[in-house]
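Asker: Submitted below is the structure of interest, expressed as structure tokens.
Since every read-out is calculated from the coordinates, none of them should be taken as a lab result. Worth saying up front: this structure is predicted, and the values here are computed from it rather than measured. A quick note on method: Cβ atoms are made from the backbone with ideal geometry, for glycine too, and the neighbour counts reach across all protein chains shown.
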Amino acid sequence: MKQIRRNMVVALALAATCMGWTAAASAQAAKEPLKFGLAMPLTGSQALFGADQAKAAQWAVQDINAKGGVDGHPLEMILLDTQADPRLGINAVNRLVSVDKVPVFGTAWSAVVKAVAPIANRSQVLGLSVGANSPEIAKLGDYIYTTYPLADVDVVAQARHARETLKKERAAVLYIHNDSGVEGAKIYREAFESLGGKVVAYEAYDAQSTDYTGALLKVRTSNPDIIHVQGLVSDLPQVIAQLRQLGLKQPISTYSAGYNPKVVQQLGAAAEGLLVSALAPSAEQNAEIAEFVERWKKTEGRIPNGLPYTQYLYDMPYLIADLYSHLLKAGKPLTGVNMRQALVDVGTFELPMTGKLVVGADHRVKKPVYLFEVKNGKFEPVATVD
Amino acid sequence: MEYVASLLVLIGLYVILASSFNLIIGFGGLISIAHPIFFALGAYTVGVLSTQFGLHPVPSIAAGFVVAMLASFMLSLPSLRISGDYLLITSIGFQLGLLEIIKNLDFVGGASGLGGIPNVVQQHRSLVFAAVALGLAVAVVLSLRALVRGPYGRAIQAMRDDELAFLALGRNAMNIKIAIFAVGSGLAGVAGGLYAYYYQYLTPDQFQILQSAMILTMVVVGGMGSVYGPVVGAVLLLLLPEAITFLNLPSSVMGPLQGVIFTSLVILFLFLRPQGLVPSSKRLSAGGSHE
Amino acid sequence: MLDFQTLLQIFWTGLANSTYAVLLAAAFALVLKVVKVWNFAQAGLMGIAYYTMYLAIQKLGWPGYAALALGAGAAIVAALAMEVFGLQTFRRRHSPPLTFFIFTLVISEFVQYVLAMVAGTEPVSLAATIMSASYIVGGVVVSEWDLKAIAATVVLMALLFVVMKRTRHGQYMIAAADNPHLSRLYGVNVRRVYALTFVLAAVLIAAAMYLFGTRASMVPNTPLEMMLFAVIAALLGGMGNVFGAAVAAVFLGLLRAFSILVIPSAWQSLILYALLFITILFFPQGVRIAPRVRKKPAAGPASAGA
């Protein structure tokens, strides 16, 4: 009996695999589709961002194909789940590279990017990091390029703004104790101090705790003029709420994780004066973005989580389309090696949501940083730092 | 195909992990969930030795084995002397505490992880790793089988089934427990070393309690207390999620739906075969007729 | 930094923040004590209660107490379903204890995925705003939430105490916890006792999630992460001791809060785990002096209250 049951399981698994493969094979278009991969967290704690970003990329693919694709070839995106876990990311990229044989893929979340870098380099497939911001990404090898500015762009901009524009002397830094928090906090401290300021408190808080009193009291006693919080969208509101409740009235700055209307909504009046940075212009500054946001509201009934990130993800298929187009025109085979070469050769891209993108030889991109301040419950632009 | 080879590497690694965990928990009756920390210690040892000192893979992995084994003494000696029941508690503290320490130490990369582990196989990389992983897995399973069927194995079972009688016969349970724990943990360390060389990047988050749960599920679903049970469990619980991703589900619910399908299947297995997919040939489950 | 006011502040917010942890630890310890199961399905119950209340409050506009009742109801139904269809089946088949553990864990993961599918993965909060009115009492910031949370927890734990020690059903629970076989012989309906245990646990869980949700926000993943704290508290409190677990939860919460004074914040979690490790070595009977619950049936005659 158990033999039969066990066979059933094996048969089920095999059937599922076959179904998947035939489904993929039967998706034929008139001209051969141009494939690329996308590995995003679709489940897990980061899925609130990952799923929205994947959706933005899908919309871009639909829009591109509606306009005729790339020289008549439809663009095809193969989407896999990483849960922002390096091991699953490696699995996903392995699949994309050896089963789906894509010459280029996109992914995000610094730990995943770092984990899949060796695969991209070994198999000579172009890996695009879209949204991860660890500065180490620039040094992960020949085949890893970021299309999103790394942390040392927007965090530094915040530090400079605090020092040079707001003339703050004493900064306190609060950060979540994970890789993005640790790295971001370090960058802020270095930037602030290199500009002559003094970091009077530098406290970490645990990812799992909801009571930050101890760290916040240390910040309070250190008497800063400005407090920079390097947290995630899930803990940021709590940290700010407790800061205000403990009587700290100093201005609070954070990076793009704070650029989320949910944060303002949950904090109510306590959000006033919050300074956030974003690496993409807002809907008020760019009409296309307003359209994008409207589209979200119509189809999903809300605005996307992490709007700037979704903008970059929307632009990614356009960038890939440009690369494909370049190779098709030159008549070159569509391999990873040539994809990378195309990226280097083309270098400058005009993308619908985020504007001009220049891919540097140092594997970095430079973008202006848009600073916003919460006034009357809304994000008002205050400065743009180049 | 590279993809198949990478799956085989994972299968090999997890067979080693599940089997060694089964040795500790299924045969030895030592309820500890700290297995992933020994996996981590082996991986980080290899990571540090290869990045800082450029040591050759074989001595590095051997060092991983030794480090994991020595660490197991740090856990087993104090805990087992008190009582076997409290091993569970101390193992939680041990695993999470060591991971916190790793997260705070810069020379192992801290929370950002340890990357840049050199690639030690240039040609046919995945195939070589798959062969080594599977080879080691086979070796481990066969050695465990020999151990269990031999006189030492009978001693272990006797100790687990009725420790009082065992002690009354003058056997030293403590030494056997510590030895089992050390061997099981050392093997996890070896798997860790291999893991480090294959993936070339480690983060502390990969070795958390979730990993303990996954390995434990493999052992339980496969059949605790049988030699081949963990093998079946490892293969099944690794291939099943992969197979599900080939189902081409609508992408708006793809992620969670895959999880729903996978967990439903595991629950189904637990209902169909609560003793595990591979029955233990003798009465090896601890405690017999509990509720 | 070590002035009295600061210490008092840390004490107060630490205490207030440990309230939901107390309820969760008590729920976990209760099930562990009576049903003898490491109920990791509690994470699933937490998620179900939370999202049900979210639905009631944010989508249906119900007031707090009605939502709380609905959440408790949903958790009760889920818990009973699991007990009747799941755990009883395994009991009948004499499955090894670890099977129960893995079953409850996988149930939680299943619930987590279903919730992600149905409710999405955005962080959601139960309150419209997480800021609550606060007062300054003797230099210490006291918020309304703090007061409500502490009051609610004290009341609930007192009720639990009364139920367990003074009612007949409570005594059946303790009897079944000590010796289910003997209790059956004395006419105690052990299955009903188990059901009641889950009902009590579900109520505690719903209350805890209500408190948590009015102060913070959550994604489907969060309950599993919160479980660790509850488990550690239950273990430290002594494996058969519900109120010991509650005290341990307060103790751990305060320890974590105060540890910031002596060690850099980055090492805070380490203190917790190191404590776990060291405590058992020096207090093997559990920090509370509680009778050790024997796990294996003794070779000799079964004795109640051994």
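Asker: Over the range A:247-386, how many percent of alpha carbon pairs lie in each 5 Å bin up to the one with the longest distance?
Answerer: Reading the bins upward from 0: 2, 9, 16, 18, 16, 12, 10, 8, 4, 3, 1, 0, 0, 0.
Asker: What fraction of the DSSP beta bridges in chain A is antiparallel, stated in percent and rounded to the nearest 5?
Answerer: Numbers: 17 of 50 bridges.
Percentage antiparallel, nearest 5: 35.
Asker: Provide a whole-number value for the mean count of partner chain Cβ atoms within 10 Å of the Cβ atoms in peptide C:215-223. Intermediate results must be reported in sequence, preceding the final value.
Answerer: Details: counts 5, 8, 8, 1, 6, 6, 7, 4, 0.
Mean inter-chain Cβ contacts per residue within 10 Å come to 5.
Asker: Further question: Determine which aspartates and glutamates satisfy two conditions relative to residue A:367: a Cα distance under 17 Å, and not lying fewer than 8 residues away in the same chain.
Answerer: Hits, sequence-local ones excluded: A:152, A:154, A:315, A:350, A:386.
Asker: Quick check on the range A:213-299: what does the Kirkwood estimate of hydrodynamic radius come out to from the alpha carbon pairs, in Å?
Answerer: Details: mean 1/r = 0.0701 Å⁻¹.
For the range A:213-299, inverting the mean 1/r across all distinct Cα pairs yields 14.3 Å.
Asker: How charged is the neighbourhood of residue C:170? Take every other residue with its Cβ under 14 Å from the Cβ of residue C:170, and add Lys/Arg as +1 and Asp/Glu as -1.
Answerer: Working: positive: C:33, C:165, C:166, C:168, C:192; negative: C:178.
Net of charged neighbours comes to +4.
Asker: Give the relative contact order (percent, whole number) for chain B; include only Cα pairs under 8 Å separated by 6+ residues.
Answerer: On the way: 437 pairs, mean separation 96.0, N = 291.
It rounds to 33 percent for chain B.
Asker: Near residue A:380, within a Cβ-to-Cβ distance under 12 Å, what is the net charge of the other residues, with Lys and Arg +1 and Asp and Glu -1?
Answerer: Details: positive: A:375, A:378; negative: A:272, A:284, A:373.
Surrounding charge for residue A:380 is -1.
Asker: Give me the net charge of residue A:71's neighbourhood, meaning all other residues with Cβ under 12 Å from the Cβ of residue A:71; Lys, Arg count +1, Asp, Glu -1.
Answerer: On the way: positive: A:31, A:67, A:329; negative: A:32, A:322.
For residues surrounding residue A:71, the net value is +1.
Asker: Let me ask something else. Report the extension gain between residue A:361 and residue A:290 in nm, rounded to one decimal, defined as 0.36 nm multiplied by the number of residues separating them, less their alpha carbon distance.
Answerer: Numbers: separation 71, 0.36 × 71 = 25.56 nm, distance 3.26 nm.
Gain in length upon complete extension: 22.3 nm.
Asker: Starting at the first residue of the range A:114-123, write each ³J(HN,Hα) from the Karplus equation 6.51 cos²θ - 1.76 cosθ + 1.60 with θ = phi - 60°, in whole Hz, x for Gly and Pro.
Answerer: Result, rounded to whole Hz: 5, 6, 8, 3, x, 5, 4, 5, 5, 8.
Asker: Give the long-range amide H neighbours of residue A:382: residues separated by 5 or more places, or on another chain, with amide H under 5 Å away, using H modelled in the peptide plane at 1.01 Å from N.
Answerer: Under 5 Å from the amide H of residue A:382: A:371, A:372, A:373.
Asker: Please report A:40, A:77, A:339 as a ranked list, fewest other C-beta atoms within 10 angstrom at the top and most at the bottom.
Answerer: Listed from fewest to most nearby Cβ atoms, that is A:77, A:339, A:40.
Asker: If each DSSP helix of 4+ residues adds -39,500 (n - 2.57) and the sum is divided by the residues in chain B, what number results at 222 nm, nearest 500 deg cm²/dmol?
Answerer: Details: 11 runs with 202 residues, N = 291.
That comes out to -23500 deg cm²/dmol.
Asker: Same structure, new question: May I have the count of lysine pairs in the range A:69-197 with C-alpha atoms under 21 Å apart, counting pairs 8 or more residues apart or located on different chains? Write out the running numbers ahead of the final one.
Answerer: Working: A:101/A:114; A:114/A:139; A:114/A:186; A:139/A:186; A:167/A:186; A:168/A:186.
Here the count comes out as 6.
Asker: Percent of Cα-Cα pairs per 10 Å bin, from 0 to the last occupied bin, for the range C:90-142, please list those.
Answerer: Histogramming the range C:90-142 at 10 Å steps yields 18, 22, 20, 19, 16, 6, 0 percent.
Asker: Now, a different point. Nearest 10 degrees, 0 to 90: what angle lies between the long axis of helix C:4-17 and the longest principal axis of chain C (Cα atoms)?
Answerer: Orientation of helix C:4-17: about 50 degrees from the principal axis.
Asker: Now for a separate question. What residues have an amide H closer than 5 Å to that of residue A:274, excluding those fewer than 5 places away on the same chain, when H is modeled at 1.01 Å from N in the peptide plane?
Answerer: Distant-sequence amide H within range of residue A:274: A:374.
Asker: Can you give me the P(r) profile for the protein assembly as shown? Cα pairs, bins 10 angstrom wide beginning at 0, each as a whole percent.
Answerer: Per 10 Å bin, starting at 0, the Cα pair percentages come out as 2, 11, 21, 25, 22, 13, 5, 1, 0.
Asker: Can you grab the distance from the C-alpha centre of the range C:199-249 to the C-alpha centre of the range C:66-100, Å, no decimals?
Answerer: 17 Å
Asker: Can you bin chain B into rounded, prolate or oblate? Criterion: square roots of the alpha carbon gyration tensor eigenvalues sorted a ≥ b ≥ c, rounded for a/c under 1.5, prolate for a/b above b/c, oblate for the rest. If you can, show how the numbers build up before the last one.
Answerer: Values: a/c = 1.65, a/b = 1.20, b/c = 1.38.
Since a/c reaches 1.5 but b/c is at least a/b, the shape of chain B is classed as oblate.
Asker: In deg cm²/dmol, rounded to 500, what helix-only [θ] at 222 nm does chain C give when every DSSP H run of at least 4 residues adds -39500 (n - 2.57) and the total is split over its residues?
Answerer: Values: 13 runs with 201 residues, N = 306.
After summing the helix terms and dividing by the residues of chain C, the value is -21500 deg cm²/dmol.
Asker: Now a separate question. Treating the angle as unsigned and between 0 and 90°, give the value, to the nearest 10°, between the Cα long axis of helix A:47-66 and the longest Cα principal axis of chain A.
Answerer: Taking the Cα atoms of chain A, the angle to A:47-66 is about 50 degrees.
Asker: Continuing with the same structure: Could you order the peptides C:155-162, B:190-197, A:318-325 from most to least packed, using the average number of other C-beta atoms within 10 Å per residue? Let's see the in-between values first.
Answerer: Details: C:155-162: 14.9, B:190-197: 27.4, A:318-325: 23.0.
The peptides rank, most packed first, as B:190-197, A:318-325, C:155-162.
Asker: Between helix C:64-81 and chain C, what is the angle of the helix's C-alpha long axis to the longest principal axis, kept within 0 to 90° and rounded to the nearest 10?
Answerer: 30 degrees
Asker: Please identify the DSSP H helices in chain B that span no less than 30 Å along the helix axis (Cα) and have a mean Kyte-Doolittle hydropathy of 1.6 or more. Please report the intermediate quantities before stating the final value.
Answerer: Working: long enough: B:57-82 (38 Å, 1.56); B:125-149 (36 Å, 1.84); B:173-199 (39 Å, 1.10).
Correct list, ordered by number: B:125-149.
Asker: Sum -39500 (n - 2.57) across every DSSP H segment of at least 4 residues in chain A, then divide by the residue count to get the 222 nm mean residue ellipticity, nearest 500.
Answerer: On the way: 12 runs with 170 residues, N = 386.
For chain A, the value works out to -14000 deg cm²/dmol.
Asker: Run through the DSSP bridge list for the protein assembly as shown and note the antiparallel percent, rounded to the nearest 5. Can you show the working numbers first?
Answerer: Values: 25 of 58 bridges.
For the protein assembly as shown, the DSSP antiparallel bridge percentage is about 45.
Asker: Could you tell me the extents of the range B:6-103's C-alpha atoms along the three principal axes, largest first, rounded to whole Å?
Answerer: Largest to smallest, the principal-axis extents are 42, 30, 22 Å.
Asker: What are the ³J(HN,Hα) couplings of the range A:244-259, residue after residue, when phi is run through the Karplus curve with 6.51, -1.76, 1.60 and θ = phi - 60°? Round to Hz, x for glycine and proline.
Answerer: 5, 5, 7, x, 7, 10, 5, x, 10, 10, 8, 9, 5, 4, x, 7
Asker: Oh, and also: How crowded by other chains is A:269-275, given as the mean number of beta carbons from other chains within 10 Å of each beta carbon? Could you put the intermediate results ahead of the total?
Answerer: Working: counts 2, 3, 2, 0, 0, 0, 0.
Partner-chain Cβ atoms within 10 Å, mean over residues of A:269-275: 1.
Asker: Moving on to the next point. Of the listed peptides B:94-100, B:18-24, A:326-332, B:262-268, what is their order by residue-averaged count of other C-beta atoms within 10 Å, with the highest listed first?
Answerer: Values: B:94-100: 24.1, B:18-24: 29.4, A:326-332: 13.4, B:262-268: 18.3.
With the highest mean Cβ count within 10 Å placed first, the list reads B:18-24, B:94-100, B:262-268, A:326-332.
Asker: Looking at chain A, what % of the alpha carbon pairs are farther apart than 31 Å?
Answerer: Pairs farther apart than 31 Å: 39 percent.
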